[in-house]
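Here is the structure we will look at, set down as structure tokens.
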Amino acid sequence: MQERPWLATYREFGIPAEIAPAAFPSVTAMLEAAMTRFADQTALRSLGQSLTYAEVDRLSRDFAAWLQSEGVKPGDRVAVMTPNILAFPVAMLGIIRAGAIQVNVNPLYTPRELEHQLNDSGTSVLVIYTGSTATFAEIAGNTSVRRVVTAGLGLAADSKLPSPPADERLKNAVSFADALAKGKDLPFTPVQQNADDVLFLQYTGGTTGLSKGATLTHGNLLANCAQYALFMPDAMRPGEEVVVTAIPLYHIFALMVNLISYFSVGADNWLVANPRDMDGFVETLRQARPTIITGVNTLYAGLTLHPKLAEVDWSRLRLAAGGGAAIVPTVSARWQAVTGQMIREGYGLSETSPVLSFNPAAVKEFTATTGLPMSSSDVKLLDDANREVGIGEAGEICVKGPNVMRGYWDKPEANAAAFTEDGYFRTGDVGVFDERGFLKIVDRKKDMIIVSGFNVYPNEVEAVATACPGVAECACIGVPDEKTGEAVKLFAVLVPGATVTEADIAAHCREQLTAYKVPRQVQIIPALPKSTVGKILRRELR
């Protein structure tokens, strides 16, 4: 077999082809070591509050003790549904120290989306932002959740931060502050964990329209942390990094890179609860003077248009990482003009923990590619007949490596379809390698739409829209959008005699879907283009 093209580039850049054996048996052990080593340093900041590594150690231990007192056992699922506030990392560390599996949930989910995820995962305890409790209250009786912990913007019981009140229908909910206070006086039994134990269920859209839980182990995340560190050693200096985290922590990119990787090296992490508040976001950047920032193209595009971005001291910035959707060259150029750093693009999926390829530190100019495959992983591009294609030819990106998920939670049929016979995960994305092994994404085999870095699966939107009275059938596609990269456009065919309007269909979708999935445009048409076997031809709609 011919040598993979990126291996010569590895040698040129001094990147090892393989990651070293893991120094820790679990992510828990790695993060506990950091809490001891960096005890006196600031670990987390949010909305004027801060916690040292020692305080995070103590509080997460207290939460783990409380969970154990509530009967949470190793392998039980505990969901976390909050924005980027202090409760998220403290809860996460408590959950994994108790040996439980964390289910990451978008706090903007609708009741329908939330009910599916909680039931599919078999979640027994839910940690939820007070502002999202009304959503859960709608479907609480339909789920397996038996204990609810409500978290506000502040950690302490006497916090003055103005959090929304918890929904009154949740009679037996306990506040996060009360759970921590009770846990302080309870015994905690450390749990033995190894690389094969499940760490996260990371839900991702599916071709059936219902999301599936990518089963990520401690070993998957340890591997991806090690892979990232080999590519970006200059941006992983112990006790020196200052990270600004605006991507949601329930998103696997921020969870792995911003939180787990940087916590493990003692970084000072500034959490941004609401990046849409651009004035507040830029003020956080001004105060933090970050060495590391991660974002999606829309986030960077918005920042570069802010008049006060140039007032931030960028002299310490070593890395601006981008993913989730293609970084537009003009956005990277605008960013570099202000900050001195290009946006370093990568590519990944929930199923790959997530980083599959990245532009390593040795790359000094914007490449308009997603970089090189990570060390210890193999990527091949397959055509429709499952034959490997050559350099410069497009094929489905298929990957094998220590960061690839075990499979989808409780979905044997989906797993059979998701992997090739020789064990490569099929990403559903189409890419091309150049002769140096840099990977460019050229198309999506799945008809996925990417809105501000978030995946929107047309089947889910179509299933919701078709349930609107008067809609016979529909199809949606992604259309270019200056602000969000892509937006959802829905084409609907009505039942004969129906009087439903385009605005009615949009309103129906708004009730059932998170905002970024809602069609920006709805167009009623007489018929949808179809193949001879009746399959809707989305490409003709495009």
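Exactly one residue out of ASP447, ASP422 is closer than 21 Å to ALA214 by Cβ and at pLDDT 95 or above, and it is ASP422.
All conditions in (1) free of Cβ contacts under 8 Å to residues at least 60 places away in the same chain; (2) surrounded by fewer than 21 Cβ atoms within 10 Å (Cβ to Cβ); (3) outside the structural domain of GLU115 (by TED's automatic domain parsing); (4) not in a loop (DSSP other than H, G, I, E, B) hold for ALA177, with the sole exception of (3).
Determine whether ALA254 is part of a helix (DSSP H, G or I) and either on the phi > 0 side of the Ramachandran plot or out of contact with any Pro (no Cβ under 7 Å at 6 or more places or on another chain) (or both). Can you show your working first?
On the way: part of a helix (DSSP H, G or I): yes; either on the phi > 0 side of the Ramachandran plot or out of contact with any Pro (no Cβ under 7 Å at 6 or more places or on another chain) (or both): no.
No, not satisfied.
Picking from LEU210, LEU186, LEU161, LEU170, which residue would you name as being over 27 Å from the mean Cα position of the chain (by Cα) and either β-branched (Val, Ile, Thr) or more than 27 Å from ALA33 (Cα to Cα) (or both)? Explain how you work it out, then say what you get.
Details: LEU210 fails: over 27 Å from the mean Cα position of the chain (by Cα); LEU186 fails: either β-branched (Val, Ile, Thr) or more than 27 Å from ALA33 (Cα to Cα) (or both); LEU161 fails: over 27 Å from the mean Cα position of the chain (by Cα).
Being over 27 Å from the mean Cα position of the chain (by Cα) and either β-branched (Val, Ile, Thr) or more than 27 Å from ALA33 (Cα to Cα) (or both) holds for just one of LEU210, LEU186, LEU161, LEU170, which is LEU170.
When the test is whether a residue is more than 25 Å from the chain's Cα centre (by Cα), modelled with pLDDT under 95 and surrounded by fewer than 20 Cβ atoms within 10 Å (Cβ to Cβ), GLN2 passes it. Scanning region 459-490 for residues that are at positive phi and without any contact (Cβ under 8 Å) to a residue 60 or more places away in the chain yields a single hit, GLY470. Among residues of region 294-315 that are free of Cβ contacts under 8 Å to residues at least 40 places away in the same chain, those with a beta-carbon under 6 Å from a residue that is of a type in the set (S, T, N, Q) and outside any loop (DSSP other than H, G, I, E, B) at least six positions away or on a different chain give the pairs TRP314/THR339. In this structure, CYS468 does not qualify as part of a helix (DSSP H, G or I) and among the hydrophobic types (A, V, I, L, M, F, W, C).
Residue by residue, here is whether (1) buried (at least 22 other Cβ atoms within 10 Å of the Cβ); (2) under 22 Å from TYR203 (Cα atoms) holds:
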position: THR298; (1), (2): yes, no
position: LEU305; (1), (2): no, no
position: TRP314; (1), (2): no, no
position: VAL355; (1), (2): yes, yes
position: ALA362; (1), (2): no, no
position: ALA368; (1), (2): no, no
position: ARG406; (1), (2): no, yes
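Can you name the residue in region 202-251 that is in a helix (DSSP H, G or I) and aliphatic (A, V, I, L, M) and is also surrounded by the fewest Cβ atoms within 10 Å (Cβ to Cβ) among such residues?
Applying the first criterion (in a helix (DSSP H, G or I)) to region 202-251 yields 218-231, 233-235.
With the extra rule that they be aliphatic (A, V, I, L, M), the set shrinks to 221-223, 226, 229-230, 235.
Details: LEU221: 24, LEU222: 27, ALA223: 24, ALA226: 22, ALA229: 17, LEU230: 22, ALA235: 23.
Here the residue is ALA229.
For the subset of region 22-58 comprising residues that are acidic (Asp, Glu) and over 24 Å from the mean Cα position of the chain (by Cα), which member is surrounded by the most Cβ atoms within 10 Å (Cβ to Cβ)? Residue satisfying both the conditions and the ranking: ASP57. Of all residues in region 292-319, which are aliphatic (A, V, I, L, M) and in contact with a helix residue (DSSP H, G or I) (Cβ under 8 Å, 6 or more places away or on another chain)? Of everything in region 292-319, those that are aliphatic (A, V, I, L, M) and in contact with a helix residue (DSSP H, G or I) (Cβ under 8 Å, 6 or more places away or on another chain) turn out to be ILE292, ILE293, ALA301, LEU303, LEU309, ALA310, VAL312, LEU317, LEU319.
Can we say ASP277 is in contact with a strand residue (DSSP E or B) (Cβ under 9 Å, 6 or more places away or on another chain) and surrounded by fewer than 19 Cβ atoms within 10 Å (Cβ to Cβ)? First the steps, then the outcome.
Numbers: in contact with a strand residue (DSSP E or B) (Cβ under 9 Å, 6 or more places away or on another chain): no; surrounded by fewer than 19 Cβ atoms within 10 Å (Cβ to Cβ): yes.
So ASP277 does not fit the description; no.
Would you pick out the residues in region 405-451 that are outside any strand (DSSP E or B) and among the acidic types (Asp, Glu)?
Taking region 405-451 first, the residues outside any strand (DSSP E or B) are 405-406, 409-418, 420-424, 434-438, 445-448.
Correct list: ASP410, GLU413, GLU421, ASP422, ASP434, GLU435, ASP447.
Among residues of region 492-503 that are part of a loop (DSSP other than H, G, I, E, B), those with a beta-carbon under 9 Å from a residue that is of a type in the set (Val, Ile, Thr) at least six positions away or on a different chain give the pairs VAL495/VAL471; ALA498/VAL471; VAL500/VAL471; VAL500/ILE524; THR501/VAL522; THR501/ILE524. For region 275-284, the set of residues classified as touching a helix residue (DSSP H, G or I) at 6+ places or on another chain (Cβ under 7 Å) and over 11 Å from VAL244 (Cβ atoms) consists of MET278 only. For region 135-154, a residue qualifies if it is over 26 Å from LEU47 (Cβ atoms) and part of a helix (DSSP H, G or I), and the qualifying residues are GLU138, ILE139, ALA140, GLY141, ASN142.
Out of all the residues in region 226-256, which are under 20 Å from ASN84 (Cβ atoms) and of a type in the set (A, V, I, L, M, F, W, C)? Hits for region 226-256 are VAL242, VAL243, VAL244, ALA246, ILE247, LEU249, ILE252, PHE253, ALA254, LEU255, MET256.
Scanning region 402-434 for residues that are aromatic (Phe, Trp, Tyr) and within 16 Å of ASP196 (Cα to Cα) gives TYR408, TRP409.
The values are calculated or read from the model by the stated rules, or taken from the named source; none is laboratory data. The structure displayed is predicted, hence computed values, not measured ones. Note that each Cβ is placed from the backbone with ideal geometry, even for glycine, and that neighbours are counted across all protein chains shown.
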